[in-house]
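Beneath this line is the structure, given in structure tokens, with notes to follow.
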Amino acid sequence: MENLEQEKGKTFIIVEIIEYVPHSVVIKTIIKKTTGNVTVSSFDTGEALTEKTSPFDTFIQVIDGKAEIVIDGESNLLDIGQSIIIPAHSQNIIKANVRFKMISTVIKSGYEEVTV
């Protein structure tokens with residue numbers, strides 16, 4: 001089975017481990033566990049992910065370019081270095097008006113906790 005994660009114990013520059021591909025969205029897994037995952041993605045200009053809803057919060061950080069993150073119909077324009085949390089159960093679309101790269105982190109544990 002192919003190792004889907006980034007090699008552990010080795011340094012890397014996050015923005016350099018994924019390339020832009022014309023007319024494409026490229027996604028590379030950094031860490032994948034049952035309790036969550038971390039991915040890095042590149043979006044060419046004009047590309048987008050299909051609108052979706054996740055049962056978990058998703059942390060997005062732009063590491064190159066500029067991204068448009070639409071959450072429940074509200075557009076958020078993020079520059080390099082900016083971040084946003086997409087709340088669980090929210091309709092969202094990630095769009096590239098210009099090409100960009102991002103880190104996406106989903107933590108699946110902790111949702112069973114109840115606050116009083």
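Consider residue 59 carefully, then state whether it is hydrophobic (A, V, I, L, M, F, W, C), under 12 Å from the mean Cα position of the chain (by Cα), surrounded by 19 or more Cβ atoms within 10 Å (Cβ to Cβ) and under 21 Å from residue 16 (Cα atoms). Criteria not met by residue 59. Total residues in the range 96-108 satisfying the condition of being surrounded by fewer than 17 Cβ atoms within 10 Å (Cβ to Cβ) and under 14 Å from residue 62 (Cβ atoms): the figure is 2. Number of residues in the range 8-35 that are over 21 Å from residue 99 (Cα atoms) and open to solvent by 80 Å² or more (accessible area, probe 1.4 Å): the value is 8. Looking across 85, 94, 103, one residue alone is under 22 Å from residue 14 (Cα atoms), in contact (Cβ under 8 Å) with a residue 12 or more places away in the chain and touching a Leu at 6+ places or on another chain (Cβ under 6 Å). It is 94. With respect to (1) open to solvent by 80 Å² or more (accessible area, probe 1.4 Å); (2) touching a residue at least 12 places away in the same chain (Cβ under 8 Å); (3) more than 17 Å from residue 95 (Cα to Cα), the lone exception for residue 50 is condition (3).
The values are calculated or read from the model by the stated rules, or taken from the named source; none is laboratory data. What you see is a predicted model, and the numbers here were worked out from it, not measured in a lab. Please note: Cβ atoms are built from the backbone with ideal geometry, for glycine as well, and neighbour counts cover all protein chains shown. Heavy atoms of the whole protein, side chains included, go into the accessibility calculation; ligands, DNA and RNA do not. Shrake-Rupley method; radii C 1.70, N 1.55, O 1.52, S 1.80 Å.
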